[in-house]
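Asks: Input: one structure, supplied below.
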Amino acid sequence: MKPASTSQVSADRPADSLHVAERTALEANPQLATNLIHEFSDVLGAVRAFANLVRQEAKTLPHALENLDHLLRAVGRARALVDQMSNLALHVRQKRRPIDPQAYVQRSLQLIRSGVPPSVQWSAVIAPNTPRIEADPVQLHQLLLNLCANAVHALRGEGGQLEVHIEPFTVDEAFAQSRPRLKTGAYARITVRDTGRGADTDFVRRAFDTSWVPREGGEAPELGLRVVRSIVRQHEGLLELETQPGEGTLCTIYLPAHVEPGLDLAVLTPRGKGEHVLYVDDELDCCRATEQLLRRLGYDPVAHTDPALALEDFRRRSDFFRIAVLDLNMPTLTGVDLATLLLEHRPDLPVYLTTGYSGLWTPEMAINLGIRGILAKPVPPEVWTQTLEDALRHD
């Protein structure tokens, strides 16, 4: 791409301007909403199909259980779609928490991909060694949604290519010196490139001029970039825009990697006696870290990133496990749904949920379902120790 207009964003924006921009950017893309509804209809079609199979095969237990698992996975997908669309519509804000781009962004891009028309050639690559970032999941989805929606708008009527790349990036002293907003260290770099019509310097000026207001009823892709800029700034990152008429557009975002708090595992006093703990979390890094921590505390954890496989493992040897700890927000089978299935099979099992954002769920609601409690991520070692000891003491 030829050298083009480049803008590095650092100015503050009024909060009310952000809300207007979010609303306008979402309303300006009815095709995306239509395709999301189509995707949701496909999911519900799968639910109905598997439900009919269960009804016909109810007398054959193994087949019925297999189809019920398919049904639950389909319902989990539907719930994930509903949650994401509801969060976007209501502008729900979550607390920032460490997330794995490899797992979370992939799911977000799959949802966005359903809204991209066939005339657009889509490519998305997420490097497996991309570092964890501390982010608000809903805002991260909004960031990706707005960038991709702008790219689709630029390709409207002509088609072309839309590429999304997420990869690790190291900011050295020379790079940071030319970009004062960035500190040296590890980052996740997100690039969204399209081969559309591009834009001139006036577009860049309007995109980052908080005093500019679009005419009523007019399309304003500039507002999507305002949303992106505000989100990036809230995450201590940087947005760069390169665009030129006829040359397409490249948006590059730098988000700082999450720095794990110092924890000397060697000084932890083992309190467990080899009890088997079933731990389920769809984020691989979280699973690995928690598994290591629980072993240091004297327990024998069995960690799963796939809740369906965890359920299958539990059904094979339910008496093997003394306690289960499940992530609340998982894409195919939520922690609440998985807990319900575990407790149906073994009502005496101590079950806890972990989450970085509980949403509408309260500890009282969890207890009413037979769940012992909800642990807030990240769970400190002393909380793990106290929770597991209490659970096993009353087991």
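Asks: Tell me whether the range 265-393 comes out rounded, prolate or oblate; compute the Cα gyration tensor, take square roots of the eigenvalues as a ≥ b ≥ c, and use a/c under 1.5 as the rounded threshold.
Replies: rounded
Asks: Let me ask you something else. How high is the FRET efficiency from V379 to S119, r the C-beta distance, R0 45 Å, rounded to 0.05?
Replies: Efficiency for this residue pair is about 0.45.
Asks: Hey, with R₀ at 35 Å, roughly what FRET efficiency would Q110 and D200 work out to, going by the Cβ-Cβ distance, to 0.05?
Replies: 0.55
Asks: Using only Cα atoms, locate the centre of the range 113-173 and the centre of the range 228-257, then give the distance between them in Å, rounded to an integer.
Replies: Each part's Cα centre sits 11 Å from the other's.
Asks: Something else now. Only four residue types carry charge here, +1 at the Cβ of Lys and Arg and -1 at the Cβ of Asp and Glu. Report the dipole size of the range 265-393 about the Cα centre in Debye, rounded to the nearest 20.
Replies: It works out to roughly 400 debye.
Asks: State, to one decimal in nm, how far the label point of D306 lies from the label point of F320, with both points 7 Å from Cα in the Cβ direction.
Replies: A separation of 1.6 nm, rounded to one decimal place.
Asks: Oh, and also: Would you mind putting 180-189, 194-203, 273-282 in packing order, based on average other-beta-carbon counts within 10 Å, highest first?
Replies: Highest to lowest by the protection proxy: 273-282, 194-203, 180-189.
Asks: Still on this model: Taking R0 as 35 Å, what FRET efficiency do you get between R295 and N129 from their Cβ-Cβ distance, rounded to the nearest 0.05?
Replies: In this case the efficiency is close to 0.90.
Asks: Expressed in nm to one decimal, what extension gain is obtained for the pair E236 and E158 from 0.36 nm per residue of sequence separation less their Cα-Cα distance?
Replies: 24.5 nm
Asks: On to the next question. Suppose the chain between R271 and M365 were pulled fully straight at 0.36 nm per residue; how much longer would it get relative to their current alpha carbon spacing?
Replies: Between R271 and M365, full extension yields 30.9 nm more.
Asks: On full extension of the chain, what length is gained from A186 through D348, given 0.36 nm per residue of separation minus the C-alpha to C-alpha distance?
Replies: Extra length available between A186 and D348 comes to 53.8 nm.
Asks: Quick one: which residues, 5+ away or cross-chain, put their amide H under 5 Å from the amide H of D136? H built at 1.01 Å from N.
Replies: The list, which skips near neighbours in sequence, is R97.
Taken together, the values in this text are just the output of simple stated rules run on the coordinates, not laboratory data. Computed from a prediction, not measured in an experiment: that's the story for all the values here. Note: ideal-geometry Cβ built from the backbone for every residue, glycine included; neighbour counts use all protein chains shown.
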